[in-house]
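Comments concern the structure below.
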Amino acid sequence: MFDYIQLFKDRHLFNQCTNEKELNELLNKKKVTFYIGFDATADALHAGSLVQLRAIKTLIKHGHKAIVLLGGGTTKIGDPSGKDSARKILTYDEIQNNIDNFKRIFEHYFRDHKESITFINNDDWLSNLNYIELLRDVGSHLSINRMLTFESVKERLKREQSLSFLEFNYMVLQSYDFFI
């Protein structure tokens, strides 16, 4: 059996997993489709994105497929993770320009594996979302108590730094991506 987990650890592509053994068995038993998301907060990917790109390429080379989510919708809100204050709100044109740049980068980096990657933009469904339906269909499954335990929220509150309703809802929209 091929040891994907050890390969990822050797390449510093692995941080944590709920069940390493089960994941490794799954990757060996059948070809899987995995997901990775990138918010379009800058006009180029940052150096840290190389970790995800390398992981994608490794899995694709072993016959797996990828869904790359371009966060056009979630970028409109701004991920509060690791931030002391709210992110700058980008214009829709800036977000689209960033997404176009990301696509060019991905298409070049994965030029030999285009058939193994599907690109989607969560703005396609988030921008058409009915707020009441979101609250009923998704909000009823989310626990505020649990959301308050996330580091991005907990640290801001601990430091008595403002966390806007907009930012707090980022994780709601992010979770909706999985609902779709």
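The values are calculated or read from the model by the stated rules, or taken from the named source; none is laboratory data. Values in this document were obtained by computation on a predicted structure and should not be read as measured data. Cβ coordinates were reconstructed from backbone atoms using ideal geometry, including for glycine residues, and neighbour counts include every protein chain displayed.
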(message) The conditions are (1) out of contact with any strand residue (DSSP E or B) (no Cβ under 8 Å at 6 or more places or on another chain); (2) aliphatic (A, V, I, L, M); (3) closer than 30 Å to I56 by Cα; (4) modelled with pLDDT of 85 or more, and I117 fails exactly one of them. Which is it?
(response) (1)
(request) Working carefully through the options L69, L59, find the one that is within 23 Å of F150 (Cβ to Cβ), modelled with pLDDT of 90 or more and among the aliphatic types (A, V, I, L, M). (result) L69
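What number of residues within the range 134-177 are of a type in the set (K, R) and under 21 Å from G37 (Cβ atoms)?
The initial filter retains those residues of the range 134-177 that are of a type in the set (K, R), namely 136, 146, 154, 156, 158-159.
Then drop every residue that is not under 21 Å from G37 (Cβ atoms), which leaves 146.
Residues that pass the stated criteria total 1.
Quick check: is even one residue across the range 17-40 part of a helix (DSSP H, G or I) and touching an Asp or Glu at 6+ places or on another chain (Cβ under 8 Å)?
So far as the range 17-40 goes, yes, one or more of its residues are part of a helix (DSSP H, G or I) and touching an Asp or Glu at 6+ places or on another chain (Cβ under 8 Å).
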(message) Residue under question is L26, and the condition is that it be in contact with a helix residue (DSSP H, G or I) (Cβ under 8 Å, 6 or more places away or on another chain), surrounded by 12 or more Cβ atoms within 10 Å (Cβ to Cβ) and over 14 Å from I117 (Cα atoms); does it hold?
(response) no
(request) Please state which of the following conditions A40 fails to meet, knowing it meets all the rest: (1) over 16 Å from the mean Cα position of the chain (by Cα); (2) touching a residue at least 60 places away in the same chain (Cβ under 8 Å). (result) (1)
